[in-house]
Amino acid sequence: MLVRALAGDRLAAASAGFLFALVVLAVAGPLATRYTYDAQDLDALFRGPTAAHWFGTDQFGRDSFSRIVHGARVSLSVGLAAVAGESLLGLTWGTVAGYYGGAVDHALMRVVDLLIGFPTILLAILVTGIFGPSLANIIAALVLTAWPGTARTIRSEVVAIREREYVDGARALGATTPRILVRHLVPNVAHLVIVRATLDASTLVLAEATLSFIGVGVQPPHPSWGQMIYESFQYLDGHPLLLVFPAAALSVTVIAFNIVGEFLSRVLDPRYVAGRRP
Amino acid sequence: MARYILYRLAMAVPLFLGAVLLIFVAGHLAPGDPVQTMLGDRYTPATAAVLRHQLGLDRPLTDQFLTYLWQLATLRLGTSYVNPGLRIGDLIGTALPVSLRLSALAVAVAALAGTALGTVAAAAPGRPLDRLIQFGVVLGLSVPSFVTAAALVYMFALRLHLLPVAGWGRPADYALPVAVLAVAPLAFITRIARSSVGQALLEDYVRTARSKGLRTPRVLFRHVLRNAALPVVTTIGMAFGTAIVGAFVVEVVFNVPGIARVAVNAIFQRDYAVLQATVLVYTALFSVVNLAVDVSYAYLNPRVRY
């Protein structure tokens, strides 16, 4: 069904294809590139794109293409790990709050309200600033900023569907609450989780880039697109290419996630009818 | 109306206190010992104990938290541990107005331009201008602010030499930071304005006005904009929040002496007291902005009542 829907939306298909290729490239990483991300060649500084260096070289003679690929590795793994974490946490929190209702719901949602009030970058900066910018801390910070939104969305949906007949029926058949939650509620909110996860992926990849740009994210020598962009600022006057490649990579990735996310939100909506354009 | 304001305030206070608690706990979990940092080379266990007692750091945590709350209430933010003699209140007092000015300018620009662009786009849906504006909105929302900053700096400062690259104080220095900061709010507001005006244009009273013979600009000004304003106003409030957060990148890139730069420097210097204070200020700002947005929405929308 998804594939057929994709055939009808060329932009979404192109974005999905790009993301797939990016993931493959990131996973293949060191195997796909001729140089490592930190191999300096001080005779070949600031070269433009050549056959030997597809994206040129940077201020230390490092191959830009390898750095971009490795940066993809880092940015994507951090972003996707954070998305997985926050989706799981938000889904569990929201389902429990939405199903039980009452005092439990109230308490759980107060915590969510508290965290949602925090500006996201600020929270992330607070965590990495205080506890250090290790990869684990960055992922934890990103999870912390994103899970309340998912929890709220999931909870609203669970509240809407918890009185449906199939839930009643399951209960009448003697299903235990955990079984109802896992076998009936979660699959019926899954489409929301998927859409949210995709859109959050774009936000979190961007957030990681911002953190690295400011300096409290991925630390050198590990490349991250945000960090590469920051370094390129110094040489902007003479060598703008240093900025172009990581900026383009970041922007296109973020846009691709957004497009795929909006496509999925349209297609996975239970009211979607294939073949009909709204 | 007054009841709603009181209700909102009652909701906001516990949230703010919860945030303060979070920040307090985070500060205490920070690695490193402030007493050690302050004493440096003169550290001996005896001196440390005396200093710790003076600072009140040996009292139970609940005591410390209550003292912290009281100090906040009286606006005494303490002194920095890393740069002794630097009063945090002074630091924030000079930095905060800069950030606020920057954000306010950015939001003002975004609000005016966004409403104008959104209205123009809604007035001619599907046409090339509309498509162009929509594309601009997507770009504005997806392209990271530091990329926009770099592009604008490259274009206007380095190539065309129209604006300065860095510095602060002269009117020209404001141009690029405000422009970069305004991009995301502008995209938001344009999108909302376009959809809101678009909706309003479908209403019956517009058809009536048009059939009376009024031409589109007059229709827009006299009837539509007033009715379409509501979602836009709330978005402006949200846009202020976005601008406050976006200030982090802008202040780092353009070296603007605002609160975000104070916070970032505090992180690099491991000055947790300053970091705590800046996060607190941001949280307070955000609470106020959210409160203002909710209250303004209730004021403008007769259907929201408590």
**Q.** Separation in nanometres of the label points that stand 7 Å from Cα toward Cβ, at B:LEU61 and B:ARG3
**A.** 4.1
Q: Go through the stretch B:285-297 residue by residue and turn each phi into a ³J(HN,Hα) via Karplus (6.51, -1.76, 1.60, θ = phi - 60°); whole Hz please, and just put x for glycine and proline.
A: 4, 4, 4, 4, 4, 4, 4, 4, 4, 4, 5, 5, 5
Q: Just need the Rg to Rh number for the stretch A:122-278, please, alpha carbons only, Kirkwood Rh.
A: 1.13
Q: Sort out for me the Cα centre separation of the stretch A:58-119 from the stretch B:137-216, rounded to whole Å.
A: 29
Q) With no solvent and one point on each alpha carbon, what is the Debye value of log10 I(q)/I(0) for the stretch B:1-42 at q = 0.28 Å⁻¹? A) -0.89
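How shielded is A:243-253 by partner chains, expressed as the average number of their Cβ atoms within 10 Å of its Cβ atoms?
Working: counts 6, 4, 0, 1, 7, 2, 0, 5, 6, 2, 1.
Average neighbour count from other chains, rounded to a whole number: 3.
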Q. If R0 is 41 Å, what FRET efficiency do you get for B:VAL288 and A:ALA51 from their C-beta distance, rounded to 0.05?
A. 0.10
Q) Taking the Cα-to-Cβ direction at A:ALA14 and at B:VAL138 and moving 7 Å from each Cα, how far apart do the two end points lie in nm? A) 0.8
Q) So what are the ³J(HN,Hα) numbers for the stretch A:211-228, from phi and the Karplus equation (6.51, -1.76, 1.60; θ = phi - 60°), rounded to whole Hz, Gly and Pro as x? A) 4, 5, 4, 5, x, 10, x, 4, 8, x, x, 4, x, 9, 4, x, 5, 4
Q. Helix A:102-116 versus the longest principal axis of chain A: what angle, 0 to 90°, nearest 10, using Cα atoms?
A. 20
Q. So if we plug the beta-carbon distance of A:VAL111 and A:ARG34 into 1/(1 + (r/R0)^6) with R0 = 60 Å, what FRET efficiency do we get, rounded to 0.05?
A. 0.75
(Q) Please list, by residue number, every one of the trypsin sites (Lys or Arg not before Pro) in the stretch B:1-84 that is coil in DSSP and has at most 13 other beta-carbon atoms within 10 Å. (A) B:ARG76
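From other protein chains only, count the Cβ atoms within 10 Å of every residue's Cβ in A:123-132, then give the mean. Let's see the in-between values first.
Values: counts 4, 0, 9, 11, 1, 1, 12, 14, 4, 2.
Counting Cβ atoms of other protein chains within 10 Å of each residue's Cβ and averaging gives 6.
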(Q) What distance in nm separates the two pseudo spin-label positions at A:VAL252 and A:ALA172, each 7 Å out from Cα along the beta-carbon direction? (A) 5.6
Q: Scale the Cα Rg of the protein assembly as shown by the rule-of-thumb value 2.2 N^0.38 Å and send over the ratio, two decimals.
A: 1.05
Q | Linear extension gain, B:LEU129 paired with B:ASN227, 0.36 nm per residue minus alpha-carbon span | A | 32.9 nm
Q: Please work out the C-alpha center-to-center distance from the stretch A:181-205 to the stretch B:240-296 and express it in whole Å.
A: 31
Q.
Taking 0.36 nm per residue of sequence separation and subtracting the Cα-Cα distance, how much length would be gained by fully extending the chain between B:LYS212 and B:ASP33, in nm to one decimal?
A. 56.8 nm
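Treat the count of other C-beta atoms within 10 Å as a stand-in for reagent exposure and order A:LEU122, B:LEU75 from fewest to most. Walk me through the numbers on the way to the answer.
On the way: A:LEU122 21, B:LEU75 9.
With the fewest neighbours first, A:LEU122, B:LEU75 line up as B:LEU75, A:LEU122.
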Q: Among B:SER195, B:SER99, A:SER251, B:SER211, rank each residue by its count of other Cβ atoms within 10 Å, from fewest to most, as a rough exposure measure.
A: B:SER211, B:SER195, A:SER251, B:SER99
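Efficiency by 1/(1 + (r/R0)^6): what FRET value for A:ALA136 and B:TYR43, r their Cβ-Cβ distance, R0 = 30 Å, to the nearest 0.05? Let's see the in-between values first.
On the way: r = 31 Å, r/R0 = 1.04.
Efficiency for this residue pair is about 0.45.
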Q: For chain B, find the longest principal axis of its Cα atoms and tell me its angle to the long axis of helix B:61-73, 0 to 90°, nearest 10.
A: 50
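Any read-out appearing in this document is the output of simple, stated calculations on the displayed coordinates, not a laboratory observation. Remember, predicted model here, so these are calculated numbers, not experimental data. Here the Cβ is made from the backbone with ideal geometry for all residues, glycine too, and neighbour counts use every protein chain on show.
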